[in-house]
Amino acid sequence: MTALRTVVLSGLLIAGLAQATSLKIATISPLSGSLTAIGSEVKRGAELAVKDHLQEFKTLGYDLTLTSYDDQASATLGTQIADTVLADKSILGVVGALNSSVSNVVAQAFAPAKLALISPASTNDALTENGWNHFSRIVSPDGAQSVAAANYIADELKASSVFVVSDNTAYGNGLTKALLRTLKKRNVKVADYVGTGAADVAGVVKQIKASNAPVVYFGGTDDTGGLLVKALRAGGVKAAFMGGDGLDSPSFLKRAGDAGAGVIYTTVFGPVNSFSNSLSFTTAYRAAYQTSPSGVAVYAYDATSVLLAGLKAAAAKAGSVPSRVQVSEAVRGVNLAACFGGTQCNTITGAIGFSSTGERLRSRLMVMKFDSMLQAQVAKIQTVSAADLK
């Protein structure tokens, strides 16, 4: 049984302006289920961005509100949520989803209405290959991650072969298939390619052990990834374990335990403190939620800031509440400059602008490795240009 859980952000209505006009945006991400930890980061990052822009919109005569929807990482539920959002004509833009499979069905549903959707985390390459002018993302796609991962496997690990595993999600399949193409270009042998879920981990461990592959690459989210690497180490498999940004989650090490030591992953997020102007955000986040933020929260904050910049520009042009189409058009025209420190920064992750397909013009990609103390260390930093992804 599925159910829509709508959590309305309270306390963010602008006070003292009785005649103010309401402007509403929303988030879509997992707020329950196995990806709650990382899905909640989308909601929290958006909440802080809305809070930071409340006074700005109040001055313009608008009440700014945020509504959050729980998709439970389910594409089926995502479709239902999309219908609910579309029916609420007051919602003028959405930040989400976390999972590529959910972003795909939501973006399809939003296409006729041209309702702006900005993902802070969905990396499947195909999302920007549909000709949608209402969908944008601020993270590097899987293709960029696959190049970085394959180069690291070939140049740093000098692996003779790789055993590739997908968690059978749209994200995992997209990431691993992109990796297969790049490994072929680098002349690295693929020992095998299999799909698995959490229930099938034991069987996959046997296959990996029999292959004697020196590297295991996992494409998927941390719920299955944490279980897989833990089972591999318990089974005596010492192969290097590498994955994508699905492992860049607060809950990965909780699931993997000591088996997380040595795990390598590419990420479009990276450590929050690697951004020069993240201090004020981190301070505000800790004050609000009594814990430290992850990179997903940072990107959600920036995705929301982009949506609000587009909403503000569209409202100014319309002279009143803009249409959904006007907001989508304005979002694509947003050009936020990089900011290096200070308290008046519009973004945390650097300059943000979009190509004609909705890719960020320039985005950052990192290769990370957990040391023996389970601390993530930067192994390599790479800048990705939208033009290079064509």
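The values are calculated or read from the model by the stated rules, or taken from the named source; none is laboratory data. Quantities reported herein were computed from a predicted structural model and do not represent experimental measurements. With ideal geometry, Cβ positions are generated from the backbone for all residues, glycine too; neighbour counts draw on all protein chains shown. Remember, those area values only see protein heavy atoms, side chains included, never the ligands or the DNA or RNA. Shrake-Rupley method; radii C 1.70, N 1.55, O 1.52, S 1.80 Å.
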Handout entry: From phi via Karplus (6.51, -1.76, 1.60), per-residue ³J(HN,Hα) for segment 199-214 in Hz, x at Gly/Pro
Key = 6, 10, 4, 4, x, 5, 4, 4, 5, 5, 4, 5, 6, 6, 5, x
Fill in the blank from the handout: Over all Cα pairs of segment 198-308, the Kirkwood radius sets Rh, and Rg/Rh then becomes 1.08
Exercise for the section: Measure off, as a whole percent, the carbon and sulfur share of the 1.4 Å-probe accessible area of the chain, all protein chains present. Expected result: 52
Practice task
Only Cα pairs under 8 Å and at least 6 apart count here; give the relative contact order of segment 233-359 as a rounded whole percent.
Solution key: 20
Exercise for the section: With no solvent and one equal point scatterer placed on each C-alpha of segment 198-249, evaluate the Debye formula and give log10 I(q)/I(0) for q = 0.15, 0.17, 0.23 Å⁻¹, two decimals. Expected result: -0.35, -0.45, -0.82
Practice task
Order the peptides 260-270, 102-112 from the highest to the lowest mean number of other Cβ atoms within 10 Å of their residues.
Solution key: 260-270, 102-112
Completion exercise
Given all pairs of distinct Cα atoms, segment 92-163 yields a Kirkwood Rh in Å of 13.5
Handout entry: Surface accessible to a 1.4 Å probe, per residue, for the residues of the chain, Å²
Key = 40
Exercise for the section: Quick one: accessible surface of M373, probe radius 1.4 Å, all protein chains present, in square angstrom to the nearest 10. Expected result: 140
Handout entry: Principal axis dimensions, segment 15-69 - Cα atoms, whole angstrom, descending
Key = 42, 16, 13
Problem - Crossing angle, helix 142-155 versus the chain [Cα axis fit, 0-90 degrees, rounded to tens] - result: 30
Fill in the blank from the handout: Taking placed amide H atoms and a strict 5 Å upper bound, the residues 5 or more places from V263 or on another chain that come that close are F370
Problem - Overall Cα dimensions of segment 291-390, principal axis frame, Å, largest first - result: 57, 37, 22
Fill in the blank from the handout: Measuring from its Cα centre, segment 218-284 shows a charge dipole (+1 at each Lys and Arg Cβ, -1 at each Asp and Glu Cβ) which, in debye to the nearest 20, is 240
Practice task
Can you tell me the relative contact order of the chain? Whole percent, Cα pairs under 8 Å, sequence separation 6 or more.
Solution key: 17
Fill in the blank from the handout: Once phi for every residue in segment 94-101 is put through the Karplus expression 6.51 cos²θ - 1.76 cosθ + 1.60 (θ = phi - 60°), the whole-Hz ³J(HN,Hα) values, with Gly and Pro written as x, are 9, 9, x, 8, 7, 7, 4, 5
Practice task
Once you've got the Cα coordinates, tell me which of K43/K380; K185/K238; K189/K209; K58/K89; K24/K58; K177/K254 are over 23 Å apart.
Solution key: K43/K380; K185/K238; K177/K254
Exercise for the section: Kindly provide the Kirkwood hydrodynamic radius of the chain in Å, to one decimal, from all pairs of distinct alpha carbon atoms. Expected result: 21.1
Fill in the blank from the handout: Long-range amide H partners of D63, meaning residues 5 or more apart or on another chain whose placed amide H is closer than 5 Å, are T21, S22, L23
Handout entry: Contour minus Cα-Cα distance for S356 and V190 (0.36 nm per residue)
Key = 56.3 nm
Fill in the blank from the handout: Candidate cut points under trypsin sites (Lys or Arg not before Pro) in segment 159-215, DSSP loop plus at most 14 other Cβ atoms within 10 Å of their own Cβ, are R186
Problem - Normalised contact order of segment 48-182, rounded percent, pairs of Cα under 8 Å and 6 or more residues apart - result: 18
Practice task
Would you please give the residues with an amide H less than 5 Å from that of S166, counting only those at least 5 places away or on a separate chain, with H modeled from the backbone geometry?
Solution key: V194, G195, T196, G219
Exercise for the section: Provide the per-residue ³J(HN,Hα) series for segment 72-88, in order, calculated from phi with Karplus coefficients 6.51, -1.76, 1.60 and θ = phi - 60°, each as a whole number of Hz, with x at glycine and proline positions. Expected result: 6, 6, 10, 5, 4, 5, x, 5, 5, 5, 4, 5, 5, 5, 4, 6, 8
